Ligand code: FES
Ligand code: FE
């Protein structure tokens with residue numbers, strides 16, 4: 001561990017107080033802490049940038065952010081996706097000033113230096129007249145490259161060229177994530193460009209909530225239980241969401257988190273049968289995973305183990321996070337006609353300063369799914385999630401208040417308290433790995449999120 005002292009004399013290692021499971025509020029607003037995070041968290045971890053279906057053709061590109069750096073995510077002629085720092089090596093101008101497009105030549109608007117989608121330097125205007133052959137070698141003028149990986153077609157990148165592989169970074173959580181992102185032959189695709197909007201909040205307010213905070217649903221999203229179809233219990237009209245609070249939560253030493261919620265009530269309602277008497281196949285037939293059709297079920301069998309399928313049909317991961325700033329939702333939404341519609345979403349909470357984040361919302365679907373199903377998924381996702389969604393307007397209303405509170409002369413010295421501790425462990429026979437606990441939702445997954453944040457922030461450079 002490195003010792004680092006903040007400008008006011010507070011040791012950095014005192015922000016997360018392990019024995020009492022508290023976090024100093026100032027972590028949600030302090031500009032000095034934010035600057036350190038850009039290097040120590042966003043410079044070190046694998047970050048979500050999008051999905052390869054956003055850049056299907058050679059030359060396609062989107063402009064995204066890795067922490068405080070803008071990057072160009074582009075497909076090169078060889079078919080590979082490259083992630084290049086969006087900064088011109090000449091005078092530091094932003095090279096791509098648009099959000100997306102297609103080009104084989106990224107030309108800086110300032111003096112015209114040009115780069116390939118792979119980030120390689122092509123040339124500068126009037127090179128001979130200007131530089132008289134004294135220019136640095138072309139290899140030294142390319143754009144800095146991040147390390148890229150595709151996981152289920154999802155694009156992740158890191159500046160840590162020598163650090164852990166993406167698989168190592170996911171660790172035990174990969175066993176569960178594979179049931180979501182690697183379960184079909186053709187994989188996922190995005191349904192249109194992502195929604196993007198600014199929330200005046202520190203990215204960690206959203207990040208730690210994404211580490212599977214189930215507890216807030218009871219109060220903040222109480223209306224879900226009151227408006228019928230959207231009732232998470234599937235029965236409508238009841239304000240009691242507490243049955244949905246039971247399940248299994250998985251934490252990870254790398255801050256990833258999963259909330260696995262019992263499907264028993266939904267399967268009982270759909271079949272009229274006791275789920276414990278149904279086989280895995282019968283349960284899959286009764287309630288296919290979000291976005292999958294009956295025709296696609298054999299793909300699951302081919303790609304996943306029996307143990308993974310067992311979890312999928314009984315207690316599947318439905319919401320959770322990939323550290324540091326990603327939320328996934330693979331949720332089962334009850335419909336007016338008694339059926340269930342699955343939705344698949346990814347969010348990134350991109351830091352834009354100590355008190356501002358950009359919420360990026362990708363709606364996904366299985367490529368193989370019929371268009372009619374994709375249309376319904378897109379429509380329902382827009383109604384519930386993201387900018388226009390009824391659910392996430394609740395969430396994004398709390399984060400700015402927390403951020404403002406963390407700026408208060410007294411408030412910044414208050415602490416966040418993670419006191420709801422599991423004492424259960426995994427249910428008998430639970431086949432999945434990781435730090436697993438069963439019962440009413442607790443604070444453990446969010447606490448483990450902070451522990452990894454703390455580890456990265458205090459790690460030796
Ligand atoms: Fe880009 Fe000069 S800053 S060409
Ligand atoms: Fe929420």
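Values in this text are rule-based calculations from the coordinates and carry no lab data. On a predicted model such as this, the values are computed, not experimentally measured, just so you know. All Cβ positions, even for glycine, are placed from backbone atoms using ideal geometry, and neighbour counts span all protein chains on display.
When ranked by the protection proxy of mean other Cβ atoms within 10 Å per residue, highest first, what sequence do the peptides 313-323, 194-204, 378-388 form?
The packing order, highest mean first, is 313-323, 194-204, 378-388.
Take residue 68 and residue 138, extend 7 Å from each Cα along the Cα→Cβ direction, and tell me the distance between the two endpoints in nm.
It works out to 3.4 nm between the two label points.
For n ≥ 4 DSSP H runs only, could you compute -39500 (n - 2.57) per run for the chain, divide by its residues and tell me the 222 nm figure to the nearest 500?
One gets -7000 deg cm²/dmol as the mean residue ellipticity at 222 nm.
Got a sec? How would 246, 176, 332 order by Cβ neighbour count within 10 Å, fewest to most?
246, 332, 176
Quick one: grab the alpha carbon gyration tensor of segment 47-121, order the square roots of its eigenvalues as a ≥ b ≥ c, and give me rounded if a/c is under 1.5, else prolate or oblate depending on whether a/b is larger than b/c.
It comes out oblate by the Cα gyration axes.
What distance in nm separates the two pseudo spin-label positions at residue 335 and residue 17, each 7 Å out from Cα along the beta-carbon direction?
That separation, rounded to one decimal, is 5.1 nm.
With everything on Cα atoms, drop me the angle between helix 371-384 and the longest principal axis of the chain, reported from 0 to 90° to the nearest 10.
Around 90 degrees separate the two axes.
Exposure proxy check: 162, 22, 366, 372 ranked by fewest other beta carbons within 10 Å? Mind showing how you got there, number by number?
Numbers: 162 5, 22 18, 366 25, 372 8.
The order, fewest Cβ neighbours first, is 162, 372, 22, 366.
Can you put 66, 245 in order of Cβ neighbours within 10 angstrom, beginning with the fewest?
Ranking 66, 245 by Cβ neighbours within 10 Å, fewest first, gives 245, 66.
Order the peptides 50-58, 428-436, 409-417 from the highest to the lowest mean number of other Cβ atoms within 10 Å of their residues. Walk me through the intermediate numbers first.
On the way: 50-58: 17.4, 428-436: 15.8, 409-417: 13.6.
Per-residue mean Cβ counts within 10 Å order the peptides as 50-58, 428-436, 409-417.
Throw me the Rg/Rh for segment 234-355, computed over C-alpha atoms with Kirkwood Rh, two decimals.
We get a ratio of 1.00 for segment 234-355.
At 0.36 nm per residue, and after removing the present C-alpha to C-alpha distance, how many nm does the segment from residue 196 to residue 80 gain when stretched out fully?
39.2 nm is the gain from fully extending residue 196 to residue 80.
What shape does the chain take by its C-alpha gyration tensor, where a ≥ b ≥ c are the square roots of the eigenvalues and a/c under 1.5 counts as rounded, a/b above b/c as prolate, and the rest as oblate?
oblate
Note the full-extension length gain between residue 407 and residue 387 as 0.36 nm times their separation in residues minus their Cα-Cα distance, in nm to one decimal.
That works out to 4.6 nm of additional length.
Need one number: nm distance between label points at residue 375 and residue 7, each 7 Å from Cα along Cα→Cβ, rounded to one decimal.
Here the modelled spin labels are 5.6 nm apart.
Between rounded, prolate and oblate, where does segment 321-461 land on the alpha carbon gyration tensor, with a ≥ b ≥ c its root eigenvalues, rounded for a/c under 1.5, else prolate if a/b exceeds b/c?
Oblate, because a/c is 1.5 or more while a/b does not exceed b/c.
Express in nm, to one decimal, how much length is gained between residue 305 and residue 222 on full extension, taking 0.36 nm for each residue of separation and deducting their alpha carbon distance.
Full extension of this stretch gives 26.2 nm more.
Label point 7 Å out from residue 102 along Cα-to-Cβ: which residues of segment 56-87 have amide N under 18 Å?
Inside the label zone: 56-63, 73-82.
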